[in-house]
1. So, Thr64, is that one loosely packed, with under 15 Cβ neighbours inside 10 Å, farther than 22 Å from Phe131 by Cα and modelled with pLDDT of 95 or more or not?
2. Please go through region 218-249 and pick out each residue that is of a type in the set (Gly, Ala, Ser) and more than 14 Å from the ligand (Cβ to nearest atom).
3. Residues Thr100, Thr26: which one is of a type in the set (Ser, Thr, Tyr) and modelled with pLDDT of 95 or more?
4. Of all residues in region 196-212, which are within 11 Å of the ligand (Cβ to nearest atom) and more than 18 Å from Ile224 (Cβ to Cβ)?
5. Quick one: count up the residues across region 105-142 that are among the β-branched types (Val, Ile, Thr), farther than 21 Å from Ser183 by Cα and not in a helix (DSSP H, G or I).
6. If you scan region 127-144, which residues turn out to be more than 16 Å from the ligand (Cβ to nearest atom) and buried (at least 19 other Cβ atoms within 10 Å of the Cβ)?
7. Regarding Ile168, is this residue within 15 Å of the ligand (Cβ to nearest atom) and β-branched (Val, Ile, Thr)?
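The values are calculated or read from the model by the stated rules, or taken from the named source; none is laboratory data. The model shown is predicted, which means the values in this text are computed figures rather than measured ones. All Cβ positions, glycine included, derive from the backbone under ideal geometry; neighbour counts span all protein chains shown.
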Amino acid sequence: MPDLCVNIDHVATVRQARRTWEPDPTWAAVEAQLGGAAGITFHLREDRRHMQDFDLERLKDVVTVRLNMEMAATEEMVGIALGLKPQMAMLVPEGRQEITTEGGLDVLGRQAELAPMLDTLSQAGIPVSAFIDACPEQVQAAAECGFSVCELHTGPYAEAFHEHARNIGHPLVTEELEKIQASTKEVLSRGMSCNAGHGLNYANVTAIAAIPGLSELHIGHSIISRSVFVGIREATKDMLRSMSSRPSS
Ligand code: PXP
């Protein structure tokens, strides 16, 4: 089973709604760790809509599991990552108008721009992941560009599941699942590690967690949503249970 990395941005979103000090994403990170998370993921967005710069050092102090920094491919973010030295830098596309990350990074179209940043981070000993759509062209481009990790975008699979009455056996859900399965094989065959995430929840995670060779799942919204009722520690444990349950055929 892959490791679970809990994305804590959504806690910071609630805090920033009042620009106050609660709820504290660092506290959330500790609770997720106590619930069994193998990693904590945060996204420092260019517009600072949720995580703030002051959160980073605090997280670095208390997180004893892997700390992953999701970031746009910009000089500013590369500089911050070099100072923080997270266990992994996760390059994602970023749009000002989007509610959350919408599509995968176009590594194919941006290779020339991404390569120097990738080089700088890699030379500082920070493994770099590309968040990409589950398609062979982007996997190939990520390998050629020198990424050591790909995170496959599970959003289209999650959307298909939601749109088709949460029926995991619906042909369009199966189609999206098969793309992720095929891309996982492709990523691994090119010598990179393979992670996945976006839109995963307690109902749709099992089939993804069962894909052989996936190293990590990055999950935020569903865990933080459940935590409103049961707390982050329990919500993390519940997610680990869903990940390890047997997929329905
Ligand atoms: N992976 C990436 C690259 C993301 O941008 C996000 C959203 O911040 C996630 C995973 C987690 O997605 P969700 O909050 O839908 O679980």
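1. Working: loosely packed, with under 15 Cβ neighbours inside 10 Å: yes; farther than 22 Å from Phe131 by Cα: yes; modelled with pLDDT of 95 or more: yes.
Criteria met by Thr64.
2. The answer is Gly231, Ser244, Ser245, Ser248, Ser249.
3. On the way: Thr100 fails: modelled with pLDDT of 95 or more.
From the options Thr100, Thr26, the qualifying one is Thr26.
4. Residue satisfying the conditions is Ala196 alone.
5. Taking region 105-142 first, the residues among the β-branched types (Val, Ile, Thr) are 107, 120, 126, 128, 132, 139.
With the extra rule that they be farther than 21 Å from Ser183 by Cα, the set shrinks to 120, 126.
From the residues that got through so far, the ones that are not in a helix (DSSP H, G or I) too are 126.
Residues in region 105-142 being among the β-branched types (Val, Ile, Thr), farther than 21 Å from Ser183 by Cα and not in a helix (DSSP H, G or I): 1 in total.
6. Residues satisfying the conditions are Ala141, Ala143.
7. Working: within 15 Å of the ligand (Cβ to nearest atom): no; β-branched (Val, Ile, Thr): yes.
Judged against the criteria, Ile168 is not a match.
Table: residues versus (1) farther than 30 Å from Arg241 by Cα; (2) in contact (Cβ under 8 Å) with a residue 60 or more places away in the chain; (3) not aliphatic (A, V, I, L, M).
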{"site": "Cys5", "(1), (2), (3)": "no, yes, yes"}
{"site": "Thr13", "(1), (2), (3)": "no, no, yes"}
{"site": "Thr20", "(1), (2), (3)": "yes, no, yes"}
{"site": "Pro25", "(1), (2), (3)": "no, no, yes"}
{"site": "Val30", "(1), (2), (3)": "no, no, no"}
{"site": "Leu34", "(1), (2), (3)": "no, yes, no"}
{"site": "Arg49", "(1), (2), (3)": "yes, no, yes"}
{"site": "Val65", "(1), (2), (3)": "no, no, no"}
{"site": "Val78", "(1), (2), (3)": "yes, no, no"}
